[in-house]
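First comes the structure, then the notes that go with it.
The values are calculated or read from the model by the stated rules, or taken from the named source; none is laboratory data. Keep in mind that this is a model prediction, so the values were computed, not measured. Ideal geometry is used to build each Cβ from the backbone, glycine not excepted, and the neighbour counts take in all protein chains shown.
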Amino acid sequence: MGSYTWLPRILLYTYIKYEYIVDPAMTMLKEAFDQVKDQMGPCGIACATCDLGNGTVAETAAKLGQYLGMYGVREWGPMLPGGSDIDFDQLDKNLGWVKTYTRCFGCDRGGGPPDCTIRACAGDRGHEICSQCPDLEGCTKFDWLGDYANQLKEKLKAAEGKTKQELISEAVSDIET
């Protein structure tokens, strides 16, 4: 195999372009943010702060696809170690799937995991947000979120007495400032 001294220059150029050039595709994130900024799941996740809800994951997949095409990675990638093992057609399909289907519209608009035990329980108990529930301390509905469950429950305990709208306003103001 030949020398790849040119590769760092291409990667540096890509980084510089990504950091400093305004791209019209960036509006997708703003659109997604605007669609969810007034929502919070019963679990206390402000949709605007969630990378699925605010469009960051979908946008990242789209941007990666653009960069791979713009820099011809399909053509020179196979010359790099392990590059010949990559199915670039399948990679394009996978990135397209991520771009299309990972946008979450928030629990209030039919988004979030369809089988979310937290949303189901809150709905059954008539709670807008779990900080209103007297059983939050010992609740096991959050367990599927792993380590993140404890962080959310602590945040909800600290939010006791606040309305859902107050919590959304706090979360969104932290982002917008």
All-but-one check, Phe105 against (1) modelled with pLDDT under 95; (2) part of a helix (DSSP H, G or I); (3) not charged (D, E, K, R), failing number (2)
Residues that are over 24 Å from the mean Cα position of the chain (by Cα) and surrounded by 16 or more Cβ atoms within 10 Å (Cβ to Cβ): does segment 136-157 have at least one?
yes
What single numbered condition from (1) over 30 Å from Lys155 (Cβ atoms); (2) surrounded by 14 or more Cβ atoms within 10 Å (Cβ to Cβ) fails to hold for Gln90?
(2)
Residue list for segment 136-177, restricted to those being more than 19 Å from Gly53 (Cα to Cα) and among the aliphatic types (A, V, I, L, M)
Leu136, Leu156, Ala158, Ala159
Check off (1) closer than 21 Å to Asn54 by Cα; (2) part of a helix (DSSP H, G or I); (3) in contact (Cβ under 8 Å) with a residue 40 or more places away in the chain for Ser131 and give me the number that stays unchecked.
(1)
So if I check each of Ile168, Ile175, Ile118, which one is loosely packed, with under 13 Cβ neighbours inside 10 Å, assigned to a helix (DSSP H, G or I) and at negative phi?
Ile175
Read through the list (1) in contact with a Phe, Trp or Tyr (Cβ under 7 Å, 6 or more places away or on another chain); (2) farther than 27 Å from Glu59 by Cβ, then give the number of the only condition that Gly111 fails.
(2)
